[in-house]
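What follows is a single structure, and I will ask about it in a moment.
The values are calculated or read from the model by the stated rules, or taken from the named source; none is laboratory data. It should be emphasised that the depicted structure is a prediction, and the values quoted were computed from it without experimental measurement. We place every Cβ from the backbone using ideal geometry, glycine too, and count neighbours over all the protein chains shown.
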């Protein structure tokens, strides 16, 4: 299969990029969008059922279609489970924009395709009918991070007799009711889970650094300031930090109620894990645990790009371009959903820049034929 541009991933970043590519004149037959999920929604379709739009740190409209259009009349939008509302929205968006997403298609290797029109990148993937190879002159990688949950190593983890689970595995507080649960992590997901689970179980919250709560609403202006900080890091070739590390955790009534119950009393990070709990080495103090929930975030899902050798000595990828989506030295390769475009507001802003810069690069390479076959 040959494409002028291939987009890997159909979450917020991938759909935004596809929208702007089409708006700038890329022919629909010249664009291939593939996604590993069986249906629309990206990572949102996998979020736990009790996560509603009131607790997520901002879901922004895709370009050209307000989110509110897909919610039922008279329905409180903040009470809708994110795992239902966002996939519904993305599905309607794909249909309205005419973005034909091929799914489920999982890319597992991207390599240099030998150059020439339509052959700059070779994408090896697996689709519903078996192996699939896509040759593309330009590539937009929008695979996000959901497929790469991060769990730090602590001594003794392999000996723990209880259950260890990551945010990705969490399906709601009911399965942890009545247990002794240690929640690890200082981000929004950790506080969301802690708030729910502490109402039905005995919980202990531990974080590596003290969490920072904020009374400032998460407005677009706050989001843009956070994105700018992350953008600076990737332009210098450093691994991107999280947006929440810049914005802090915004207070809401649920968190305040949990604080009043004492559920947000944070302990410093333990030093080791025992068969029956966790231990702080200096004090030789041990706390029993039935379950350890690792709300410790994700890493960018970029393993399929390994043959391109993009990472520097420190593990980061040096980015350039107007909004730091273009891989330095590779004007026909853009990463969205990485670094400053990992947030929903960052992904939307990046889509426009990606389309302009990528089609300009293709036009230069092919004598002005940047938007057609």
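May I ask you to verify whether residue 126 is in contact with a strand residue (DSSP E or B) (Cβ under 7 Å, 6 or more places away or on another chain), surrounded by 15 or more Cβ atoms within 10 Å (Cβ to Cβ) and closer than 26 Å to residue 342 by Cβ? So that I can check it myself, show each step before the final result.
Working: in contact with a strand residue (DSSP E or B) (Cβ under 7 Å, 6 or more places away or on another chain): yes; surrounded by 15 or more Cβ atoms within 10 Å (Cβ to Cβ): no; closer than 26 Å to residue 342 by Cβ: yes.
Criteria not met by residue 126.
Could you look through the stretch 100-111, keep only residues that are surrounded by fewer than 21 Cβ atoms within 10 Å (Cβ to Cβ) and in contact with a helix residue (DSSP H, G or I) (Cβ under 6 Å, 6 or more places away or on another chain), and pick out the one that is nearest to residue 147 (Cα to Cα)? Lay out the reasoning, then the answer.
First, pick out the residues of the stretch 100-111 that are surrounded by fewer than 21 Cβ atoms within 10 Å (Cβ to Cβ): 100, 102-104, 106, 108-109, 111.
Of the ones still in play, those that are also in contact with a helix residue (DSSP H, G or I) (Cβ under 6 Å, 6 or more places away or on another chain) are 108-109, 111.
On the way: 108: 12, 109: 15, 111: 20 Å.
Among those that are surrounded by fewer than 21 Cβ atoms within 10 Å (Cβ to Cβ) and in contact with a helix residue (DSSP H, G or I) (Cβ under 6 Å, 6 or more places away or on another chain), it is 108.
For the stretch 316-338, state whether one or more residues are assigned to a helix (DSSP H, G or I) and in contact with a strand residue (DSSP E or B) (Cβ under 8 Å, 6 or more places away or on another chain).
Just the residues of the stretch 316-338 that are assigned to a helix (DSSP H, G or I), to begin with: none.
No.
I would also like to ask the following. Would you pick out the residues in the stretch 177-230 that are modelled with pLDDT under 90 and surrounded by fewer than 19 Cβ atoms within 10 Å (Cβ to Cβ)?
Scanning the stretch 177-230 gives 212, 214, 215, 216, 217, 219, 220, 221, 224, 225, 228, 229.
Can you find, within the stretch 277-300, the residue that is farthest from residue 169 (Cα to Cα) among those that are touching a residue at least 40 places away in the same chain (Cβ under 8 Å) and surrounded by fewer than 16 Cβ atoms within 10 Å (Cβ to Cβ)?
Per the stated criteria, the residue is 288.
Same structure again: Of all residues in the stretch 24-62, how many are at pLDDT 85 or above, surrounded by fewer than 17 Cβ atoms within 10 Å (Cβ to Cβ) and assigned to a loop (DSSP other than H, G, I, E, B)?
5
Another question, if that's okay. Against the conditions (1) surrounded by 14 or more Cβ atoms within 10 Å (Cβ to Cβ); (2) outside the structural domain of residue 43 (by TED's automatic domain parsing); (3) at pLDDT 95 or above, where does residue 255 fall short? Just the number, please.
Every condition holds for residue 255 apart from (3).
Can I ask one more? If we scan the stretch 353-363, do we find a residue that is modelled with pLDDT of 85 or more, within 19 Å of the chain's Cα centre (by Cα) and in a strand (DSSP E or B)? Full working, then the answer.
Of the stretch 353-363, the ones modelled with pLDDT of 85 or more are 353-363.
Adding the requirement that they be within 19 Å of the chain's Cα centre (by Cα) leaves 354.
Remaining after also requiring in a strand (DSSP E or B): none.
No, the stretch 353-363 contains no residue that is modelled with pLDDT of 85 or more, within 19 Å of the chain's Cα centre (by Cα) and in a strand (DSSP E or B).
Taking the stretch 266-295, which residues are in a loop (DSSP other than H, G, I, E, B), in contact with a strand residue (DSSP E or B) (Cβ under 7 Å, 6 or more places away or on another chain) and more than 28 Å from residue 79 (Cβ to Cβ)?
Matches in the stretch 266-295: 269, 270, 271, 274, 276, 281, 289, 290.
Sticking with this one: Applying the selection to the stretch 182-206, what residues are under 15 Å from residue 261 (Cα atoms) and part of a strand (DSSP E or B)?
202, 203, 204, 205, listed by residue number.
Something else now. Any idea which of (1) in the same structural domain as residue 278 (by TED's automatic domain parsing); (2) at pLDDT 95 or above is the one residue 141 doesn't satisfy?
In the conditions (1) in the same structural domain as residue 278 (by TED's automatic domain parsing); (2) at pLDDT 95 or above, residue 141 misses (1) alone.
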